[in-house]
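**Student:** Encoded as structure tokens, here's the structure I'll be asking about.
Nothing in this text is a laboratory measurement; each read-out follows from the coordinates by a stated rule. Quick caveat, the model's predicted, so the values are computed rather than measured. Every residue, glycine among them, receives a Cβ derived from its backbone with ideal geometry; neighbour counts consider all protein chains shown.
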Amino acid sequence: HKEKLEQTLKKEVEKMPEKFIEQVEIKRVEQLKQSAQDEIRDHLRGFARTIPSFIMAYGDQTLTLDNFDAFVPEHVFYEVTGITIDQFRYLRDGGQDFAGHLFD
């Protein structure tokens, strides 16, 4: 009985570094994921703040989210938002990864 306990204990002790490394790696990946999500959120928040400026500068009664990209010159759009019009269209429409529009 003592021998079996010693073997079990030895196996568990041998597994401990692996478990610790796995836990550290999981935590590191979760931190990277959270950091990336925070960065994306900050970027989108900053972009959302630019929309009123575009509406005042380029908008009229026909401006909608569907045609927003047609009202603003591409170089101005990028300079103000930090994203291209194609990237905006992907965010708005969802690209191939999404069915339909994100804002439907």
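**Student:** For segment 1-37 and segment 44-90, compute the distance between their C-alpha centroids and round to whole Å.
**Tutor:** Rounded to whole Å, the Cα centres lie 49 Å apart.
**Student:** When you count, for each residue, the other Cβ atoms within 10 Å and take the mean per peptide, how do 82-92, 42-52 rank with the highest first? All intermediate terms of the calculation are to be shown ahead of the outcome.
**Tutor:** Working: 82-92: 14.8, 42-52: 12.1.
The densest-packed peptide leads the list: 82-92, 42-52.
**Student:** Report, ordered by chain and residue number, the lysines lying within cross-link reach of K10, taken as a straight Cα distance under 29 Å and ignoring same-chain residues fewer than 8 apart.
**Tutor:** K2, K19, K27
**Student:** Choose one of V80, L63, T8: the residue whose Cα lies farthest towards the positive end of the charge dipole of the chain (beta-carbon charges +1 Lys, Arg; -1 Asp, Glu; about the Cα centre).
**Tutor:** Working it through, the farthest residue towards the positive pole turns out to be T8.
**Student:** Between [x] 3.50; [y] 1.54; [z] 1.98, which matches Cα Rg over 2.2 N^0.38 Å calculated for the structure shown?
**Tutor:** Checking each listed value against the structure points to [z].
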